[in-house]
Amino acid sequence: MELALSLSWKLVATAALIVLAARLARSLGPFMTSIMITIPLNAGPGFFFIALEQPAVFISQGALFAFAAAGPVLVFMSVYAQAARFGGFGFCLLLASIAWWLPGLLLSQIELTLPSAFAMVAAGALFARLTRRRMDLFQLPKISPPDWPALILRGLAGGIAVAGIASFNAWLGPDMSGLLLGFPTIVTASVWVLHRRYGGEFAAATLTSGQRSLVTYASFCLLLHLLAGPLPAVSAVLTAFALSVCLAALLAWLVWRAMQRTRAKASAATSSP
């Protein structure tokens, strides 16, 4: 019964997030949408439920692997954005997933330390920087009539994937738990909706933006690694999550101001003789 309730809660919450992101993308554009989908709503609840059963040392070690997985996530985003030039969602996801699992397998084979985790993230950031596409990160998609059944179905499909990982990864040990929670499940499910609804270029722009907003996820994992131990496991998860959400809110405010300035300049340029 407890497992069923846990699965149901995560499924509904994740599906709601994916549907909300798809709807708000119409008026917010790629950058603001990327901030929403890179908040650690997979790793956060996942570590919270693990913390109810596991000690702080388990959480700290798992968070270290989840932090290092930010490097492969940056590679995933870059490869997907590049692949969107040539194919549909399935093609892009296949290439991006392979690109994630190659460094992910390396992570699962090494004795990870904080310096080596930072090195993995830095390598991913360098790859993202060298392969980043130049795109309009404030573009708005073409408005199309909402297809609510398809939108909800895709949201539920993404919710099932997240709920399964978050509910069963505690059996895998801290290293594999953190690594699996580091896979961009919510990002993938959200981009599935965005790609099918607004096109590959909009999905690519969202992931290109997500390379910057991923700092919210990375900060959560790093803070959790450092706080679990000095704080009890559950307290560490809640504190790290709250701080990462505050960072996401600050980033959203800064991006909103940048959007307003960009649109004001475009409006002035249009109205000038």
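A full extension of the chain between Arg129 and Val215 corresponds to an added length of 29.5 nm, given 0.36 nm per residue minus the alpha carbon distance.
Using a 7 Å offset from the Cα along the Cα-to-Cβ direction at both Glu111 and Phe48, what is the distance between the two label points in nm, to one decimal? Distance between the two pseudo-spin positions: 3.5 nm. Protection proxy ranking, highest mean first, for peptides 224-236, 190-202: 190-202, 224-236, where packing is the per-residue count of other beta-carbon atoms within 10 Å, averaged.
Summary of packing: across the peptides 209-222, 32-45, the per-residue average of other C-beta atoms within 10 Å ranks them, highest first, as 32-45, 209-222.
Phi angles across segment 105-111 convert, under the Karplus curve 6.51 cos²θ - 1.76 cosθ + 1.60 with θ = phi - 60°, into 3J(HN,Hα) values of 5, 4, 4, 6, 9, 10, 8 Hz, Gly and Pro given as x.
Each reported figure results from applying straightforward, stated rules to the coordinates on display, with no laboratory input. Note that the structure is a prediction, hence the values are computed from the model and not measured. Reconstructed Cβ throughout: ideal geometry from the backbone, glycine too, with neighbour counts over all protein chains shown.
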